[in-house]
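The next block holds one structure in the form of structure tokens; read it before the comments.
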Amino acid sequence: RFLVDQFEHMIPPIALLPLLGMSWYFFSSEGRRFRFLVVVFLTAFGILLLNPHSKAEYIAAAYPVLFAGGGMAVERLGRRWGRWVPLTVGAVVIASGLIVAPLALPVLPIETYIRYAGMLGVSPSTPEKLQLAELPQFFADMQGWEELAQDVSKAYLSIPAEERPTTVALVGNYGEAGSLELYARRYPLPRVLCAHNSYWFWGVGNTHITAFIRLGGNRDDYAKNYGSLTLAGVHTCRYCMPYENNLNIFVARQRRRPIEEVWGEAHSFH
């Protein structure tokens with residue numbers, strides 16, 4: 001899949017340029033002195049290929065080296081066969097880029113994008129084998145974050161003012177944590193705790209905590225850890241990833257084990 005996705009991400013006409021570039025580095029007298037660049041590329045490519053969790057975009061940052069060589073190869077062909085060669089290649093690259101740009105950049109309104117992708121026969125996809133709705137994960141991961149911050153802010157403001165300084169949002173992943181920290185400049189929001197990936201290293205801080213805002217799950221999920229639970233709202237978003245939709249927002253108090261005691265074993269690295 002890693003190999004197939006290389007061509008799908010670039011589309012076949014553009015994918016020919018890196019192949020031309022590789023041949024220029026290996027077989028032309030001008031390119032041979034830069035051959036080590038291809039060796040570096042292939043080494044990184046091989047390491048990623050051997051890793052079953054690699055995604056195609058992990059190697060994307062290395063492709064400009066091959067595109068540069070492809071440009072040199074096209075220029076040489078133009079000298080031999082005529083200007084029509086680089087002009088044709090350039091036209092194909094530009095046209096292909098314009099056609100697929102809406103699939104890679106958020107340049108269209110959501111509804112227009114869905115119709116456009118359907119017209120091209122492109123169905124929603126995800127590199128992480130997750131459930132999808134109407135958008136591919138690449139775009140779905142861009143949706144719903146400000147609305148999430150607004151909904152958490154409403155829950156936060158439902159807490160008595162004197163208790164808010166000792167309230168935190170304990171969330172499950174770095175997307176939720178990052179959105180709450182970003183929009184804290186715009187909405188009243190609590191301090192954020194998250195045990196996902198590198199967020200875990202920030203710890204829980206020194207402030208005594210009396211209330212936790214928790215996202216997702218149901219009352220039974222939290223009852224074993226908290227003595228008091230109040231449903232403060234439900235976050236919904238049509239176009240986000242399904243696991244970020246219809247999230248219950250609980251205000252939880254009377255934690256049975258202090259968060260400081262369990263933080264060392266709470267990390268989630270993936």
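Annotation note: of Val192, Val234, Val171, the sole residue that is aliphatic (A, V, I, L, M) and over 20 Å from Glu260 (Cβ atoms) is Val234.
For region 205-261, how many residues are closer than 14 Å to Glu176 by Cα and of a type in the set (D, E, K, R)? Final tally of qualifying residues: 2. When the residues of region 204-217 are filtered to those that are open to solvent by 20 Å² or more (accessible area, probe 1.4 Å), in a loop (DSSP other than H, G, I, E, B) and not β-branched (Val, Ile, Thr), the one that is nearest to Val251 (Cα to Cα) is Gly217. Across region 141-153, the number of residues qualifying as touching a residue at least 60 places away in the same chain (Cβ under 8 Å) and open to solvent by less than 20 Å² (accessible area, probe 1.4 Å) comes to 3. Quick one: in region 174-194, of everything that is under 17 Å from Phe212 (Cα atoms), without any contact (Cβ under 8 Å) to a residue 40 or more places away in the chain and not in a helix (DSSP H, G or I), which residue is most open to solvent (accessible area, probe 1.4 Å)? Step by step, filter region 174-194, then rank; the result is Arg191.
Mind checking which residues of region 103-124 are open to solvent by 70 Å² or more (accessible area, probe 1.4 Å), not in a helix (DSSP H, G or I) and not hydrophobic (A, V, I, L, M, F, W, C)? Within region 103-124, Pro106, Pro109, Ser123 qualify.
Beta carbons closer than 6 Å, at least 6 apart along the sequence or on distinct chains, pair a first residue in region 242-260 that is closer than 17 Å to Ala155 by Cα with a second that is surrounded by 12 or more Cβ atoms within 10 Å (Cβ to Cβ) and of a type in the set (Lys, Arg) for Phe250/Arg214; Ala252/Arg214.
In this entry, Tyr156 is excluded by the filter for residues that are open to solvent by 80 Å² or more (accessible area, probe 1.4 Å), closer than 30 Å to Asn206 by Cβ and touching a strand residue (DSSP E or B) at 6+ places or on another chain (Cβ under 7 Å).
Looking only at residues of region 126-140 that are exposed (fewer than 14 other Cβ atoms within 10 Å of the Cβ) and not charged (D, E, K, R), we find that the one that is nearest to Tyr58 (Cα to Cα) is Leu130. Do we have any residue at all in region 110-119 that's out of contact with any Ser or Thr (no Cβ under 6 Å at 6 or more places or on another chain) and within 17 Å of Ser179 (Cβ to Cβ)? The answer is no; no qualifying residue exists.
Of the numbered criteria (1) at pLDDT below 95; (2) within 23 Å of Pro127 (Cα to Cα), the one Ala177 fails is (1).
The number of residues in region 120-133 being within 14 Å of Glu244 (Cα to Cα) and of a type outside the set (Gly, Ala, Ser) comes to 3. Remark: pairs (first residue in region 107-126, under 14 Å from Met142 (Cβ atoms) and without any contact (Cβ under 8 Å) to a residue 12 or more places away in the chain; second residue part of a loop (DSSP other than H, G, I, E, B) and open to solvent by less than 70 Å² (accessible area, probe 1.4 Å); Cβ separation under 7 Å; 6+ apart in sequence or on different chains) = Thr126/Leu132; Thr126/Pro136.
The values are calculated or read from the model by the stated rules, or taken from the named source; none is laboratory data. Values in this document were obtained by computation on a predicted structure and should not be read as measured data. Please note: Cβ atoms are built from the backbone with ideal geometry, for glycine as well, and neighbour counts cover all protein chains shown. All accessible areas refer to the heavy atoms of the entire protein, side chains included, with ligands and DNA or RNA removed. Shrake-Rupley method; radii C 1.70, N 1.55, O 1.52, S 1.80 Å.
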